[in-house]
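All remarks here apply to the structure that follows.
The values are calculated or read from the model by the stated rules, or taken from the named source; none is laboratory data. Treat the numbers as computed from the prediction; the structure is a model and nothing was measured. Glycine gets a Cβ as well: all are built from the backbone with ideal geometry, and neighbour counts include every protein chain shown. Just the protein is used for accessible areas: all its heavy atoms, side chains included, with ligands, DNA and RNA removed. Shrake-Rupley method; radii C 1.70, N 1.55, O 1.52, S 1.80 Å.
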Amino acid sequence: MHNIVSVMVSADWHIGTTDPYRFRMELLRTVESVIKKKKGLDLFVVAGDTFDMKEYLSSDSVKVFFLIMIDLLNLTKEYKTEFRFIEGTRTHD
């Protein structure tokens, strides 16, 4: 018998290259749409390259990042999905 695991990986957000508030809404809409379409998701992973230039972060970029994390934690909790954030390297947050 085989167990199939449903995983969604998101990376290369580069928060700061576009309107961070619009990005947040589009990301959350996409993640929730995938979860609903698949009738659940076992694991959601954020895999790095979160900010565009971490040396020059705007306060809006940082604020939106924290709002996204809170949103994703609530969304994955609501749909009983595991959530992981993978730490990046020195040059890839």
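If you check every pair at least six apart or on different chains, which have Cβ atoms under 8 Å apart with a residue in region 69-84 that is assigned to a helix (DSSP H, G or I) first and a residue that is of a type outside the set (Ser, Thr, Tyr) and open to solvent by 90 Å² or more (accessible area, probe 1.4 Å) second?
Short answer, once both residue conditions are applied: Thr76/Glu82.
Restricting to region 15-33, count the residues that are surrounded by 14 or more Cβ atoms within 10 Å (Cβ to Cβ) and over 15 Å from Met69 (Cα atoms).
Residues that pass the stated criteria total 1.
State all residues of region 36-53 that are modelled with pLDDT of 85 or more and either open to solvent by 30 Å² or more (accessible area, probe 1.4 Å) or part of a helix (DSSP H, G or I) (or both); if no residue qualifies, say none.
Lys36, Lys37, Asp42, Leu43, Ala47
Take region 61-75 and flag every residue that is open to solvent by 70 Å² or more (accessible area, probe 1.4 Å) and not β-branched (Val, Ile, Thr).
Lys63, Phe66, Leu73, Asn74
Test Val9 against the criterion of being touching a residue at least 12 places away in the same chain (Cβ under 8 Å), closer than 18 Å to Phe85 by Cα and assigned to a strand (DSSP E or B), and give yes or no.
In short, yes.
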